[in-house]
Amino acid sequence: MTKQHDIVPVHLVVQAMRDNGYKNAAHALAELIDNSIQAGATEVEVLCAEKETQLEQRRRSRIHQIAVLDNGTGMDSTVLRMALQFGNGTYLAEDKHTGMGRFGMGLPCSSISQCKRVDVWTWQSGVENAIYTYLDLNQIKKQQLTQVPEPEKRNIPEIWEKVITGFGRTGTLVLWSDIDRCVWKTGKTIIENSEFVIGRMYRKFLDTKKVVIRMATFDLDEPTKTMVEKFARPNDPGYLMAETVCPHPFDKTPMFQPWAAEDSYEVTITIEFRGQKHEVKIRFSYAKKEARPGKNPGNLPHGKHAAKNVGVSVVRASRELELDESWTNKRSSDRWWGVEIEFPPALDDLFGVTNNKQSARNFSDMASLDIDSFLKDGKTISQLKEELNQDEDPRGPLIEIALKIDKTIKSIRNLIEAQMSDSESRQKRHQGSSAEKVATNVTDERKKEGHQGQSDKDESLPSEERKEIIETTLIDTGVLESKAEDLAAKTVSDGLKYTFAKADMDTPAFFSVKTGGGAIIITLNTNHPAYKKLVEVLEKEVEDVDTETLRSRLTNSLEGLKLLLMAWARYEDEQPDGQRPRSVQEARFDWGRVARQFLEGEE
């Protein structure tokens, strides 16, 4: 019995541990599936038993019990008792940091997060030799149960023999009852909501057929009549697997393709941690063009499916911990790229894996890390990493990973948005004039007035030569080759003087201006805050966007324009005495005159 001054009053601590952060029943069930796979199971069944209950004036079928059955190796009496202890377990005790288990919290913590009683049967030489024990929160609360009961030989209730596909020679059955914290009230909703998450968590096991996961719902009064039955299919957020839950036409073929612009789609980074070297794998993918047809591909069934799989998939020991949305910028284009990072359990402490295996906190924090704030006084990335490593700061080894992911996501996003922009540009070309056409016409008028530009002399070059020069100039600025080729061809074929592009540039300038092939090339720096404030906010899709959101976007853009003008005003204010202030003012006057002519030309 607990004494008055015990450091840990068990009955109170166990009650508090019910609020241990499991997102929902699907994530709690995943802990049990982890144990099954860790025990070598090839078949796992998630079984939901419903029972009619009187609710106010009506009787409704509600979840009564949930069971997880596997054909793993089973447990002996010692291991079974250990498995139901909080903070114990064979993989914790033996320091086996190689598989999904480690923390010794999975079975008891996940169970009590959803129910007040958990019963366990396990066998190693036929189900007829099953041994049994349990935990009951009501008994723990009353201090009637202070130890895991000694396992005893006991038959599995007959009801479960009627609903399973069969018992293995070895295996385990975990049964939840007195379910009071499951937000989903029927077996159907539990399966529907769990299928998506479980399919994603265990996609690698399901894709290779290493594990089959059956999910079924039945009525306790008619156990032989299955109400719902599904076999979990892979849900791949990188959409590179062939047969998945993705809607037609991408249920049998991958919707995405590997990203291999610079490296192989799989990048390996070796990390030294606590005297050992470990490999971290990062995989990148992006949507095929045929997956994004028309104006609003996001409204198609597969586009809506992709919208539910946005983020960086964090994978540990082949099992997904979470889909981390910290790396997204909440744009519609985020649904069209995929990133998967996979690391071994030996790096749990480095990545900040939580004991319920639902996130990697240290890695997630890297998404919002402001690297520039660390790189002061000419400090390099290598120096920063070395400094953080000496301070035993976990961010040190993770910086290289974060930079690679961030840079590649930007490149993929730029390509996707460029392709989307191309589609919009083609539509606008048939609808009427564009800003580039207006500027070209105004420039022709200015040339007639005697205003000559450096780019004008190349206008007489052959078309093919002009296209080649423009394309090369765009690529040198940082524009992707495929986009540069399209822009160059459009500029020459449409007789345009100007072309706009976007690139991830390493410069403090908001945009660059280059000439070549008779054209003036303006490249917007997507890294500059002005791009996000003035351009990005207005380019976002407006489909299904409410008036208030549109008003907010316009307000943000106006604020961005004001800040840009105030930055120029301060730039003038900071000029030293002498000729320079006058030169800056004259540049503003001259630009204003040209801008007036261009804008009036649009009218």
Exercise for the section: Select from segment 465-492 the residues that are under 17 Å from THR526 (Cβ atoms) and touching an Asp or Glu at 6+ places or on another chain (Cβ under 7 Å) and list them in ascending order. Expected result: ILE475, GLY478, ALA484
Problem - Restricting segment 501-518 to residues that are under 28 Å from LEU403 (Cα atoms) and buried (at least 16 other Cβ atoms within 10 Å of the Cβ), the residue that is farthest from the chain's Cα centre (by Cα) - result: SER512
Problem - Lone unmet requirement of (1) open to solvent by less than 70 Å² (accessible area, probe 1.4 Å); (2) under 27 Å from ASN414 (Cα atoms); (3) touching a Lys or Arg at 6+ places or on another chain (Cβ under 8 Å) for TYR265 - result: (1)
Handout entry: Residue check, ALA367 more than 23 Å from ILE198 (Cβ to Cβ), among the small types (Gly, Ala, Ser) and in contact (Cβ under 8 Å) with a residue 60 or more places away in the chain
Key = no
Fill in the blank from the handout: By residue number, the members of segment 502-531 that are in a strand (DSSP E or B) and without any contact (Cβ under 8 Å) to a residue 60 or more places away in the chain are PHE511, SER512, VAL513, LYS514, ILE521, ILE522, THR523, LEU524, ASN525
Exercise for the section: Please state which one of VAL584, VAL492 is over 30 Å from LEU461 (Cα atoms) and open to solvent by less than 40 Å² (accessible area, probe 1.4 Å). Expected result: VAL584
Practice task
Could you list all residues from segment 559-603 that are polar (S, T, N, Q) and at pLDDT 85 or above?
Solution key: GLN575, GLN579, SER583, GLN585
Completion exercise
Selection over segment 210-223 where residues are modelled with pLDDT under 95 and surrounded by fewer than 17 Cβ atoms within 10 Å (Cβ to Cβ) yields a count of 4
Exercise for the section: With respect to VAL148, determine if the residue is modelled with pLDDT under 95, touching a helix residue (DSSP H, G or I) at 6+ places or on another chain (Cβ under 6 Å) and among the β-branched types (Val, Ile, Thr). Expected result: yes
Problem - In segment 268-292, the residues that are more than 17 Å from ASP251 (Cα to Cα), open to solvent by 20 Å² or more (accessible area, probe 1.4 Å) and not hydroxyl-bearing (Ser, Thr, Tyr) - result: GLU272, PHE273, ARG274, GLY275, GLN276, LYS277, HIS278, GLU279, LYS281, ARG283
Completion exercise
Only unsatisfied item for ASN138, checking (1) part of a helix (DSSP H, G or I); (2) surrounded by 19 or more Cβ atoms within 10 Å (Cβ to Cβ); (3) among the polar types (S, T, N, Q), is (2)
Exercise for the section: Could you list all residues from segment 160-180 that are surrounded by 15 or more Cβ atoms within 10 Å (Cβ to Cβ) and within 30 Å of LYS23 (Cα to Cα)? Expected result: TRP160, VAL163, ILE164, GLY171, THR172, LEU173, VAL174, LEU175, TRP176, SER177, ILE179
Completion exercise
The residue from TRP160, TRP176 that alone is modelled with pLDDT of 95 or more and of a type outside the set (S, T, N, Q) is TRP176
Completion exercise
Within segment 303-362, residues assigned to a strand (DSSP E or B), over 25 Å from LYS277 (Cβ atoms) and open to solvent by 20 Å² or more (accessible area, probe 1.4 Å) come out as GLU322, LEU323
Practice task
Tally the residues that are open to solvent by less than 60 Å² (accessible area, probe 1.4 Å) and either over 19 Å from LYS308 (Cβ atoms) or touching a Pro at 6+ places or on another chain (Cβ under 9 Å) (or both), restricting the search to segment 224-237.
Solution key: 2
Fill in the blank from the handout: Out of (1) over 17 Å from LYS277 (Cα atoms); (2) assigned to a helix (DSSP H, G or I), the one GLY378 does not meet is (2)
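Out of the residues in segment 251-262 that are under 29 Å from VAL212 (Cβ atoms) and under 20 Å from the mean Cα position of the chain (by Cα), state the one that is surrounded by the most Cβ atoms within 10 Å (Cβ to Cβ).
Across segment 251-262, the extreme among qualifying residues is MET255.
The values are calculated or read from the model by the stated rules, or taken from the named source; none is laboratory data. Bear in mind that the values here come from a model prediction, so they are computed numbers and not experimental data. So basically every Cβ, Gly included, is an ideal-geometry build from the backbone, and we count neighbours across all protein chains shown. Please note that ligands, DNA and RNA were not included when accessible areas were found on the heavy atoms of the full protein model with its side chains. Shrake-Rupley method; radii C 1.70, N 1.55, O 1.52, S 1.80 Å.
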